[in-house]
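What follows is one structure encoded as structure tokens, with my remarks underneath.
Taken together, the values in this text are just the output of simple stated rules run on the coordinates, not laboratory data. Since the model is a prediction, treat every value here as computed from it, not as a measurement.
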Amino acid sequence: MEVTEWRTLIEVGAAGSMRVTLSGEASMICSRATMDEASRRITDKLWSGMLPTDEPVKMWGGPGSGVTCDGCDAPILPSESEYEVEMPDGRTLRFHIACGGLWQVLQKAMPPRT
């Protein structure tokens, strides 16, 4: 899928659960505690420069391959969906669906780097 085709929808439930849906095709439900920790890790990585704030060149998804999520540092299991992002510098990032959605939202909230 091309970058312009991806949309992210984040819904927060009454009990504090969160559902992240990308393009209406895949979703993941996480507890508030899990999402808070992932959000902290991703924010820290954005501030430190470990995760890029620029826009990706290409994005696609598929079944988990067991690699470590670039957002939360946990493995992306074969039973989970994996979100892959190709960056302009040629680097490929891999995220859980929820972590990829968080990265997209948080990177847009970051101030420009000087």
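In plain terms, the chain from MET50 to ARG91 could stretch by 13.6 nm, reckoned as 0.36 nm per residue minus the Cα-Cα distance.
The stretch between TRP60 and MET110, if pulled fully straight at 0.36 nm per residue, gains 15.7 nm over its current Cα-Cα span.
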